[in-house]
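Read through the structure below, which is laid out as structure tokens, and then see the notes.
The values are calculated or read from the model by the stated rules, or taken from the named source; none is laboratory data. Computed from a prediction, not measured in an experiment: that's the story for all the values here. When we count neighbours, we look across all protein chains shown, and the Cβ atoms used for this are built from the backbone with ideal geometry, even at glycine. Just the protein is used for accessible areas: all its heavy atoms, side chains included, with ligands, DNA and RNA removed. Shrake-Rupley method; radii C 1.70, N 1.55, O 1.52, S 1.80 Å.
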Amino acid sequence: MSSTLSLDFQYTASLEKIWSALTDSSKLAKWVMENDFKPVVGHRFQFRMQPTNGWNGIIDCEVLIVDAPNRLSYTWASLGQENTVTWTLQDLGDGKVNLHLEQSGITNDQALQGAKYGWTNMCGQLEKLLEQ
Amino acid sequence: MSENNQLRDVFDAIADPTRRRLIRLLAESEEMPLHELTAHFQMGRTAVSKHLTILKEAGLVLDRKVGRETRFRLNASPLREIQDWVAFYSKFWSTNMLRLNRLLEEEDE
């Protein structure tokens with residue numbers, strides 16, 4: 001049973017450039033959130049945004065994989081959910097790159113088991129149910 | 001996460017494949033009694049009944065008595081919470097990807 005949010009995006013840019021956008025803290029801040037990311041396995045960092053009602057705006061992370069310029073992975077913990085974000089870059093040729101995002105809930109915490117299933121690609125099926 | 005008066009988290013309720021299958025079965029029919037539902041599983045009525053109770057606690061299943069029989073039907077609205085949750089992250093990343101695209105373009109200039 002998949003428990004992963006899986007998305008693909010294509011960009012016209014070099015692998016290195018996209019890698020840099022994923023791993024350079026100041027660039028990362030421009031398209032994700034303020035952070036103290038470092039591309040070092042084991043580095044703990046936070047993404048921070050404006051706190052909202054019921055959320056302190058902080059996402060706690062730890063770098064798991066740094067395999068330049070192809071693969072980057074870190075944990076992503078917030079609001080009691082523990083996920084793993086994994087980026088996979090693939091050169092499609094013609095200057096195009098496919099950027100694949102997987103966000104999986106790999107936590108072994110029983111209490112979060114339900115949340116894990118929220119990440120499954122059940123959206124289509126649920127939508128059908130909701131329309132009924 | 002849940003703001004409804006549900007006894008049970010809807011994410012918990014759908015975490016089990018049997019319960020997801022029950023939801024599916026009920027989605028495909030108006031109403032079904034326990035024995036008809038049980039016929040779809042390799043488990044006894046008691047086991048299916050326990051799963052139905054969990055779905056009821058999450059507000060996903062409603063039941064009513066018709067004579068001596070209890071009939072079950074789906075109430076899909078709590079699933080909205082799951083859809084919203086998945087949609088939030090889906091939207092979150094899609095928005096950020098557009099920003100990444102802009103960043104990559106800016107760097108070229």
Could you say whether any residue in the stretch B:72-88 is open to solvent by 80 Å² or more (accessible area, probe 1.4 Å), free of Cβ contacts under 8 Å to residues at least 60 places away in the same chain and under 30 Å from A:Lys27 (Cα atoms)? yes
Within the stretch A:1-23, residues within 20 Å of A:Cys61 (Cα to Cα) and over 15 Å from the mean Cα position of the chain (by Cα) come out as A:Ser20
For B:Lys91: the one exception among (1) of a type outside the set (A, V, I, L, M); (2) within 13 Å of chain A (Cβ to nearest Cβ); (3) open to solvent by less than 70 Å² (accessible area, probe 1.4 Å): (3)
Tally, over the stretch A:11-34, of residues that are open to solvent by 60 Å² or more (accessible area, probe 1.4 Å) and outside any helix (DSSP H, G or I): 2
Checking A:Ile65 against (1) open to solvent by 30 Å² or more (accessible area, probe 1.4 Å); (2) of a type in the set (A, V, I, L, M); (3) touching a Pro at 6+ places or on another chain (Cβ under 9 Å), the condition it does not meet: (3)
Hey, B:Glu105 open to solvent by 40 Å² or more (accessible area, probe 1.4 Å), at the interface with another protein chain (Cβ under 10 Å from one of its Cβ atoms), more than 30 Å from A:Ser14 (Cβ to Cβ) and modelled with pLDDT of 85 or more or not: no
Spot the failing condition for A:Lys27; the list is (1) in contact with an Asp or Glu (Cβ under 9 Å, 6 or more places away or on another chain); (2) within 16 Å of B:Trp93 (Cβ to Cβ), and only one is missed. (2)
What do you reckon, is A:Phe47 in contact with a His (Cβ under 8 Å, 6 or more places away or on another chain) and either within 17 Å of A:Asn83 (Cβ to Cβ) or touching a residue at least 24 places away in the same chain (Cβ under 8 Å) (or both)? no
Looking at the stretch A:68-93 only, could you name the residues that are crowded, with 16+ Cβ neighbours inside 10 Å and touching a helix residue (DSSP H, G or I) at 6+ places or on another chain (Cβ under 7 Å)? A:Pro69, A:Leu72, A:Gln81, A:Glu82, A:Trp87, A:Leu89
Quick check on my filter: what residues within the stretch A:35-62 are at pLDDT below 95, open to solvent by less than 40 Å² (accessible area, probe 1.4 Å) and not in a strand (DSSP E or B)? A:Gly57
